[in-house]
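In what follows, a single structure is set out as structure tokens and then discussed.
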Amino acid sequence: MSTVTIRVPEDKRDILKIIASIEKREMKDIVSELIDGYIERHQETLYILSNPEWVSLIKQGKEEVRKGIKGKTLAQLEG
């Protein structure tokens, strides 16, 4: 596994060190866990944005909202 250096404000770094010490964990493990959670929360967004057709539909919908075009009801969408 390769490594990366990240800049963390000193006050946050100090708090993280305290937490890691209390939990008897390494800071890198805590940061890795936080990154994993962030990636997990954004997987669906990445999946949607990887589909050009969906991106096009999203852009179209945003443009319709901008123009004030009234949307469809759920009944109309199901029909």
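Please treat every number below as a calculation from the coordinates, not as lab data. Given the structure is predicted, the values throughout are model-derived calculations rather than measurements. Cβ sites come from the backbone with ideal geometry, for glycine too, and all protein chains shown count toward neighbours.
Worth pointing out:
- Note on the chain: helix-only mean residue ellipticity at 222 nm, from DSSP H runs of 4+ residues weighted -39500 (n - 2.57) and normalised by residue number, equals -24000 deg cm²/dmol.
- Span per principal axis, largest first, for the Cα atoms of the chain (Å): 58, 28, 24
- Restricting the calculation to Cα atoms, every distinct pair contributes to the Kirkwood radius of the stretch 27-67, found to be 12.2 Å.
- Pairs of Lys residues in the chain that lie 8 or more places apart, or on two chains, and have C-alpha atoms under 20 angstrom apart add up to 8.
- A straight chain from residue 26 to residue 2 at 0.36 nm per residue would run longer than the Cα-Cα distance by 7.0 nm.
- Gain on full stretching of the segment that runs from residue 76 to residue 53 - 0.36 nm per residue minus C-alpha separation: 6.2 nm
- Whole-number D in µm²/s for the stretch 1-44 (Stokes-Einstein; Kirkwood sum over Cα pairs; 37 °C, 0.692 mPa s): 282
- Tilt relative to the chain, helix 10-23 - C-alpha long axis, 0 to 90 degrees, to 10: 70
- Approximate spin-label separation residue 40-residue 17, in nm, with each point projected 7 Å along Cα-to-Cβ: 2.9
- Angle between the chain longest axis and helix 52-67 axis [Cα atoms, degrees, rounded to 10]: 70
- Cα-based helix-to-principal-axis angle, 27-49 vs the chain, degrees rounded to 10: 10
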